[in-house]
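Peer 1: This is the structure I have questions about; it appears just below.
What follows draws every value from the coordinates through simple rules; no lab data is involved. Source: prediction; values computed, not measured. Ideal geometry is used to build each Cβ from the backbone, glycine not excepted, and the neighbour counts take in all protein chains shown.
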Amino acid sequence: MVDHVAGENVNQVVDSGKGVPPAPLPDAPGHELPLLLFGGFRTLIDRLHERLAAEGHPDVRPAHGFVMQAIGLRGATASEIGRRLGVSKQAAGKTVDRLLVLGYAERADDPADARRKLVRLTPRGLDALARSAAGFDALRAEWCAALGADRVRALEADLRKVVPEETAFRLDAGSWLGGA
């Protein structure tokens, strides 16, 4: 049987729930939420690193990004980097050594204290961070195109509600996952 409603043909055999909202989806098992969040994180990070490789940074790994963020624009000592990442000075130093070899960082005297050595980002390291920021913006735009900008903004707002502020932008994921 065909019903003519608001200028549309509606097949009542197929659309028998006319005017009735769809039933809510059943709740997923609790373990799926962290796995989906981690999968989203991993997807973004993997896609970012594909972009970075295509843009001249094929050797940058996710751990390197955490360490470069910990070094920051002003530089930092190995102890400061370790503290920011929640790892030992030695663990931080191992990744810093790799960044030195790859040309993303350099050691320099600390102008404020001649006894200390700072790790600073080189122009190559700064370029990798700038490209990462642009890449994350592009990936967010892709999510907006796929899901809708309002839904992405709502997701971000909802995550801000449930993620404690002091942990929202922590850099110590390397230590949490077992190494920097």
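Peer 1: What is the sum of charges, Lys and Arg at +1 and Asp and Glu at -1, for the other residues whose Cβ falls under 13 Å from the Cβ of Leu100? Don't jump to the answer; show the numbers that get you there.
Peer 2: Details: positive: Lys94, Arg98, Arg107, Lys117, Arg120, Arg124; negative: Asp59, Asp97, Glu106.
My count for the surroundings of Leu100 gives +3.
Peer 1: Ordered by residue, what ³J(HN,Hα) values in Hz, to whole numbers, does segment 27-33 give under the Karplus form 6.51 cos²θ - 1.76 cosθ + 1.60, where θ = phi - 60° and Gly and Pro are x?
Peer 2: With coefficients 6.51, -1.76 and 1.60, one gets 5, 7, x, x, 5, 6, 4 Hz.
Peer 1: Quick one: net charge around Ala145, please, counting Lys, Arg +1 and Asp, Glu -1 for every other residue with C-beta under 15 Å from its C-beta.
Peer 2: Working: positive: Arg47, Arg140, Arg151, Arg153; negative: Asp137, Glu142, Asp150.
That sum, taken over residues with Cβ under 15 Å, equals +1.
Peer 1: A further question follows. List the residues whose amide H sits under 5 Å from the amide H of Arg116, counting only those 5 or more places along or on another chain, with H placed 1.01 Å from N in the peptide plane.
Peer 2: Result for Arg116 returns Asp110.
Peer 1: I've got another one for you. Read phi for every residue in segment 54-67 and hand back ³J(HN,Hα) as whole Hz from Karplus 6.51 cos²θ - 1.76 cosθ + 1.60, θ = phi - 60°, with x for Gly and Pro.
Peer 2: Calculated HN-Hα couplings, in order: 5, 9, x, 10, x, 8, 6, 10, x, 4, 5, x, 4, 5 Hz.
Peer 1: Then there's this: How big is the charge dipole of segment 34-180 about its Cα centre, in debye rounded to the nearest 20, if each Lys and Arg gets +1 on its Cβ and each Asp and Glu gets -1 on its Cβ?
Peer 2: 320
Peer 1: Follow-up. HN-Hα J couplings of segment 118-127 from phi, Karplus 6.51/-1.76/1.60, θ = phi - 60°, integer Hz, Gly and Pro as x?
Peer 2: Couplings: 9, 9, 10, 7, 7, x, 5, x, 5, 5 Hz.
Peer 1: Another question, then. Taking amide H atoms as placed 1.01 Å from N in the peptide plane, list the residues 5 or more away in sequence, or in a different chain, whose amide H sits under 5 Å from that of Thr122.
Peer 2: Residues meeting the amide H criterion: Ala105, Glu106.
Peer 1: Then there is this: What ranking do 144-154, 20-30, 129-139 get when scored by the average of other Cβ atoms within 10 Å per residue, highest first?
Peer 2: 129-139, 144-154, 20-30
Peer 1: Also, quick follow-up: How about segment 24-83: which trypsin sites (Lys or Arg not before Pro) there lie in a loop by DSSP and see at most 14 other Cβ atoms within 10 Å?
Peer 2: Loop-located and lightly packed - Arg74.
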